[in-house]
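These notes are about the structure you will find just below.
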Amino acid sequence: MPDRPLESPVHQRERADMVTRLRRRYQFRDDRTLQAIAATPRHLFVPEALRANAYGDHPLPIGDGQTIAQPYTVALQTELLQLTSSDRVLEIGAGSGYQTASLAQVAGQVFALERLATLARSADRLIRSLGLHNATIRCFDGTYGWSEFAPYRGILVAAAAPEVPRPLLEQLEVGGRLVIPVGSERAQRLLRVTRTGEGQVTEDFGECQFVKLVGKFGWES
């Protein structure tokens, strides 16, 4: 569990209420995922002007046309990866680093890519200030993946692609899982793709709404 900066009792109470809501309303049962979310100060990952809304169950703007995902979505994507503390994970679209922080507490190593340099730098600083030294954030086109550290047991994509990027599938180990929203700008489905020895198995976890995954193997803009 990371060391948290000093925070107000209000933030502590709001975060506890958020975790209770995730457990009761959405029936999340993965204790490791919920513990990670309970330990991550979401208010530090949003602009200061929006911190009063940090623990509501909704996305929030973080600048540059990007958003921090709602807590439900963060919990769902993390849980679908089914990670252990020894797994190596790739995250595409780190944003302000909130999902990265959650992943770092359930996985062994997290390698995260963010195409916007300002977000990547601030996210990396914040992650390290929280004592999460098993996560690295780099500014790069995430649709290429990060082949240097492949294969990965899990790959989480926090933006929607028109189709599953081939480089990401190639960087999954056999038995590994890729969780990604796929579809048009307005109609998307959250998919989990598991790589097998013969190919892959795809599961559909319903409608979702993410910003577009911009890059060579995603949207042009």
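The values are calculated or read from the model by the stated rules, or taken from the named source; none is laboratory data. Just so we're clear, the structure is a prediction, and the values are computed from it rather than from any experiment. Reconstructed Cβ throughout: ideal geometry from the backbone, glycine too, with neighbour counts over all protein chains shown. Heavy atoms of the whole protein, side chains included, go into the accessibility calculation; ligands, DNA and RNA do not. Shrake-Rupley method; radii C 1.70, N 1.55, O 1.52, S 1.80 Å.
Tabulated data for the structure shown
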| item | result |
| --- | --- |
| Filter result (among the acidic types (Asp, Glu) and in contact (Cβ under 8 Å) with a residue 60 or more places away in the chain) within the range 19-65 | none |
| Close pairs (9 angstrom Cβ cut-off, 6 or more residues apart or separate chains): more than 16 Å from GLU48 (Cβ to Cβ) in the range 119-131, of a type in the set (Lys, Arg) anywhere | ALA120/ARG138; ASP124/ARG138; LEU130/ARG4; GLY131/ARG4 |
| Residue within the range 35-44 that is in contact with a Gly (Cβ under 8 Å, 6 or more places away or on another chain) and closer than 26 Å to PHE140 by Cα present | no |
| Answer residue from the range 192-213, given it is in contact with a helix residue (DSSP H, G or I) (Cβ under 8 Å, 6 or more places away or on another chain) and assigned to a strand (DSSP E or B) and is least open to solvent (accessible area, probe 1.4 Å) among those | VAL193 |
| Filter result for ARG177 (of a type in the set (Lys, Arg) and buried (at least 20 other Cβ atoms within 10 Å of the Cβ)) | yes |
| The range 104-157: number of residues that are open to solvent by less than 60 Å² (accessible area, probe 1.4 Å) and of a type in the set (S, T, N, Q) | 5 |
| ARG189 vs. criteria open to solvent by 30 Å² or more (accessible area, probe 1.4 Å) and in contact (Cβ under 8 Å) with a residue 60 or more places away in the chain | no |
